[in-house]
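Data first, discussion second: the structure below is written as structure tokens.
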Amino acid sequence: MSKTIVETRKELVDGTKSVTEVVSESLKIIKDKEKLNAFITLVEDEALKRAAWLEKNGDRSLPLFGVPVALKDMYLTKGIRTTAGAKLLEEYVPPYSSSVVEKLEEAGAVIVGKTNQDAWAHGASGENSDFGPSLNPSNEEYVPGGSSSGSAVAVAAGMVPLAMGTDTGGSIRQPANFVGVVGFKPSYGRVSRYGVIAMASSLDSMGHFTNSVEDAALVLGVTAGADERDATTRAARKYEFEGFSKKGLEGVRVGIAKEYVEAIADEEIKENFEKVKSKLERLGATLVDVALPHTKDAIAVYYILQPAEVSSNLARFDGVRYGKGRDSFGKEAKRRIVVGSYTLSSGYYDAYYRQALRVRTLVKQDFERAFEKVDVLVTPVSPTTAFKLGEKTSDPLAMYMADALTVPVNLAGLPAIAIPSGKTKGGLPMGVQVIGRYMDEERMLPISYELESELI
């Protein structure tokens, strides 16, 4: 496994390595593994200047002091082009940075580049980028998952210990699962969306990829909190990470939903999940069967609500403000604009959009009833492991099902984290997903940390 943020910071604070050495190593690995196509834009000169400044003037007590960070190309970065993986924005250079980017830099991080992704975050495989597909480091014939494909690859290939992603229907947890790293999606509203190109505004969450649960919690402590520029963020609590210690899971109730187990299409994933359940019991947890009956409706609901919001958000790219016109949209973006416009149109709004909103409430109520009995839910992340490049490109419905076990979490706005749980006989990563109550990362992350220690 590549170095964690905690290990990288220790080297920097102890003086074992300088910030320039750490950043230079990161840039070298990125170039050596260029074939994986993880990055769209590399900011080598700016990163080395920032490293030299931090070495001389930086506060070494900062939580991300000198840590190289990659950003999904949805995050606006002042003076650095931001494309959203789309040729329409190929030459766009934002005049300001997103709130998350500002917080990362205030915490001492060094931005090394912007990562590849499915254009506009539309995709479950990483194959829809206008800059070419990213490749899975475990086997380059397979997809790394999407849409945060480049960020997942950057951490899995050891290019950076931290990469930011966005998760609208599983776009962090699914690629994390396909490449074998930790992928974290916070509660909706816990991290500001200000300055991140919107895909579907009621579903988007800003999260990250790391090599450990501890790192994921540390980064949440940096990015979480109220933002007056994003009215959906909560002012009441800011997540504070104070370190984890091994306590076991005695007294913890873990929900197992049969609807998620029945959705698994791969025998090796089924066997792996049974082993995970045994490990939870060995740690002292009590397994409780719960029902999430509207899981089967989640994908249908998602693919009504999400394209509706996509069609609205993409309306601003009209050729006036950002240079290129709407004829530059790719095939998948056009498909979602058409579907979304149709469901929002007069005569169909009540039949599709309003009905989908009602079912979304039922999905949310399923989780609320389950959490009356348990502290967290543990499920597989995806019905299958990573699939081959091109295997599902001609079948959009089959592609959409790759997110079948992650989408319900976004509909309900809950926090969830994907943790590696082993590999198939063919060497492809598998993982499990821990889902928490809304705004209860304080409970969910320590439980995930205990489980991770048993899975390594």
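The values are calculated or read from the model by the stated rules, or taken from the named source; none is laboratory data. A quick note: this is a predicted structure, and the numbers were derived from the prediction, not measured. Please note: Cβ atoms are built from the backbone with ideal geometry, for glycine as well, and neighbour counts cover all protein chains shown. Ligands, DNA and RNA are excluded from the accessible area calculation, which covers all protein heavy atoms including side chains. Shrake-Rupley method; radii C 1.70, N 1.55, O 1.52, S 1.80 Å.
Each peptide in 309-318, 174-183, 339-348 was scored by the mean count of other Cβ atoms within 10 Å over its residues; highest first, the order is 174-183, 309-318, 339-348. For region 335-379, the gyration tensor built on C-alpha atoms gives an oblate shape. Its axis ratio a/c (a ≥ b ≥ c) is at least 1.5, and a/b is not larger than b/c. Above 15 Å, the calculated P(r) of region 360-448 contains 64 percent of its Cα-Cα pairs. Only lysines eight or more places from Lys238 in sequence, or on another chain, were considered; those with a Cα closer than 18 Å are Lys103, Lys185.
Inverting the pair-averaged 1/r between distinct Cα atoms of the chain gives 21.8 Å as its Kirkwood hydrodynamic radius.
Per residue, region 57-210 exposes 20 Å² of solvent-accessible protein surface, assessed with a 1.4 angstrom probe and all protein chains in place. Using a probe radius of 1.4 angstrom, the carbon and sulfur fraction of the accessible surface of the chain is 50%. Accessible surface calculations at 1.4 Å, restricted to protein heavy atoms, place region 323-454 at 42 Å² per residue. Each Cα pair under 8 Å and six or more residues apart adds its separation to the average, and for region 98-211 the resulting relative contact order is 25 percent. Principal axis analysis of the Cα atoms in region 1-160 yields extents of 42, 37, 22 Å, listed in decreasing size. From most to least packed by mean Cβ count within 10 Å, the peptides 122-128, 210-216, 227-233 give 122-128, 210-216, 227-233.
Return the lysines within reach of Lys373: Cα separation strictly under 20 angstrom, same-chain partners fewer than 8 residues apart disregarded; answer none if there are no such residues. List returned: Lys258, Lys277, Lys364. DSSP beta bridges fully contained in region 31-142 are about 45 percent antiparallel. Here region 99-226 is described by how far its Cα atoms reach on the three principal axes: 41, 29, 22 Å, from widest to narrowest.
The Cβ shell under 10 Å around Gly170 holds other residues with a net charge of 0, Lys and Arg each +1, Asp and Glu each -1. Taking the Cα centroid of region 270-339 and of region 366-412, what is the distance between the two, rounded to the nearest whole Å? Using only Cα atoms to place each centre, the spacing works out to 8 Å.
What the phi angles of region 380-387 give under the Karplus curve with 6.51, -1.76 and 1.60, with θ = phi - 60°, is a coupling list of x, 8, 9, x, 9, 7, 4, 10 Hz, glycine and proline written as x.
Tell me, what is the percent relative contact order of the chain, built from C-alpha pairs under 8 Å that lie six or more residues apart? After rounding, I find 17 percent. Within straight-line reach of Lys31, meaning a Cα separation under 19 Å, sit the following aspartates and glutamates at least 8 residues removed in sequence or on another chain: Glu21, Glu44, Asp45, Glu46, Asp73, Glu140. Only helices enter the 222 nm calculation for the chain: every DSSP H run of n ≥ 4 contributes -39,500 (n - 2.57), and dividing by all residues gives -11000 deg cm²/dmol, rounded to 500. Note on region 250-351: along the principal axes its Cα atoms extend 60, 33, 28 Å, ordered by decreasing extent. Annotation: the antiparallel percentage among DSSP beta bridges lying fully within the chain is about 65. Taken over region 12-91, the ratio of Cα radius of gyration to 2.2 N^0.38 Å equals 1.22.
Working ranking of peptides 73-82, 374-383 by packing, defined as the average number of other Cβ atoms within 10 Å per residue, highest first, is 374-383, 73-82. Between Val374 and any residue 5 or more places off or on another chain, the built amide H atoms are never under 5 Å apart. Over all Cα atoms in region 60-106, the spread is summed up by Rg and Dmax: 12.2, 41 Å.
A viscosity of 0.692 mPa s and a temperature of 37 °C, combined with the Kirkwood radius over Cα pairs in Stokes-Einstein, give a translational diffusion coefficient for region 121-161 of 329 µm²/s.
With K and R counted +1 and D and E -1, the other residues having a Cβ less than 10 Å from that of Asp289 yield a net charge of +2.
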